[in-house]
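Structure, as structure tokens:
Values in this text are rule-based calculations from the coordinates and carry no lab data. Predicted, not measured: the structure shown is a model, and the values here were computed from it. With ideal geometry, Cβ positions are generated from the backbone for all residues, glycine too; neighbour counts draw on all protein chains shown.
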Amino acid sequence: MAAIKYRLIKKDSRTNARLGILETPHGVIETPVFMPVGTQATVKAMTPEEL
């Protein structure tokens with residue numbers, strides 16, 4: 001399994017907010033990112049159309 005890498009692009013000195021790039025074996029993710037998460041129980045209760 002390949003390592004996950006994070007590259008810091010910019011950091012705000014006042015708030016410590018960060019802008020970066022997360023590299024995984026599956027692809028690249030620009031951060032910050034909104035990533036909704038569903039537990040197994042909530043996904044089981046949904047129809048395929050709702051997903």
Which of the residues belonging to the range 3-21 are more than 18 Å from F34 (Cβ to Cβ), outside any strand (DSSP E or B) and of a type outside the set (S, T, N, Q)? A3, I4, D12, R14
I'm checking my understanding of the structure. Among residues of the range 22-48 that are within 12 Å of the chain's Cα centre (by Cα) and not in a loop (DSSP other than H, G, I, E, B), which one is surrounded by the fewest Cβ atoms within 10 Å (Cβ to Cβ)? G27
List the residue pairs whose Cβ atoms are under 9 Å apart, where the first residue sits in the range 18-37 and is within 24 Å of E50 (Cβ to Cβ), the second is of a type outside the set (F, W, Y), and the two are 6 or more positions apart or on different chains. V33/L22; M35/I29
What is the residue count in the range 17-51 for residues that are touching a helix residue (DSSP H, G or I) at 6+ places or on another chain (Cβ under 9 Å) and under 14 Å from I4 (Cβ atoms)? 0
